[in-house]
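The values are calculated or read from the model by the stated rules, or taken from the named source; none is laboratory data. What you are looking at is a predicted structure, and each value in this text was computed from that prediction instead of being measured. Counting neighbours? That spans all protein chains shown, and the Cβs are built from the backbone with ideal geometry, glycine included.
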Amino acid sequence: MRTSRGDQLTSNFQPLADLTATQRLGLHDVLRDVKNSKVWSWELPVLLRDRCWLRLDRIELSQLMKELPPERRGEAPELVHYRLLIEKGFEPLVAQQACWHEFGMEDCQRALNAYWQSQEQTDHGWTGGRYRQLVSLYRNRIERGMATVPMLVLARRESTEQHQIHWITETTGVNDWLLGNP
């Protein structure tokens, strides 16, 4: 097995360390299934690793939004439009009034309140942008014929860590890894 984080290989964190023998065999099966599928699908697997509970769960990509919803309050249309107007050089008050006119004052206020409340809660870096990036990279790799599976190593609860994305692929050392000799 070879792992990478984003498009960079990682060496300081071992996302496969401490997996049980059953989890290791299951991971081998997941890679085999992806290799045999050969086409992009929302039914492809994603692995969720919860280090606190020593769990490794396999879900379908289509279930990821439900299992691990990304924080998207900063992506509310009202806030996106406001930022776009500011980038175009509008004064903040004029941009705010334009948003109120287009979306309504209540909806703009609700979006802003939700955004500020979300700043007080940790989302472990799991945003809509990271979700879309994972889906895009996954699709690109599958369409290029790469047998790869994303593993999200979940941040520990009550921590400021970020969820980590590692890409699991087959290599020549797969048998050693399956036997517990990485």
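Just a few scattered comments:
- Residue within region 8-30 that is assigned to a loop (DSSP other than H, G, I, E, B), in contact with a Lys or Arg (Cβ under 9 Å, 6 or more places away or on another chain) and either farther than 22 Å from residue 68 by Cβ or at pLDDT 85 or above (or both) present: no
- Only one of 79, 68, 61 that is surrounded by 13 or more Cβ atoms within 10 Å (Cβ to Cβ) and touching a His at 6+ places or on another chain (Cβ under 9 Å): 68
- Sub-8 Å Cβ pairs linking a first residue in region 88-102 that is part of a helix (DSSP H, G or I) to a second residue that is acidic (Asp, Glu), at least 6 apart or interchain, are 99/78, ordered by first then second residue.
- Restricting attention to region 156-176 and to residues that are farther than 27 Å from residue 126 by Cβ and not charged (D, E, K, R), the residue that is modelled with the lowest pLDDT turns out to be 172.
- So residue 125, is it modelled with pLDDT under 70 and closer than 13 Å to residue 68 by Cβ: yes
- Enumeration of residues in region 31-85 that are in a helix (DSSP H, G or I) and among the polar types (S, T, N, Q): 36, 37, 62, 63
- Taken over region 83-97, the criterion of being under 12 Å from residue 109 (Cα atoms) and out of contact with any Phe, Trp or Tyr (no Cβ under 7 Å at 6 or more places or on another chain) is satisfied by 97 alone.
- Note on region 128-155: among residues that are more than 16 Å from residue 39 (Cβ to Cβ) and surrounded by fewer than 16 Cβ atoms within 10 Å (Cβ to Cβ), the one that is modelled with the lowest pLDDT is 128.
- Only one of the listed residues (60, 71, 43) is over 20 Å from residue 141 (Cβ atoms) and either acidic (Asp, Glu) or at pLDDT 90 or above (or both). That residue is 71.
- Condition met for residue 110 (surrounded by fewer than 15 Cβ atoms within 10 Å (Cβ to Cβ), modelled with pLDDT of 80 or more and either of a type outside the set (A, V, I, L, M, F, W, C) or touching a strand residue (DSSP E or B) at 6+ places or on another chain (Cβ under 9 Å) (or both)): yes
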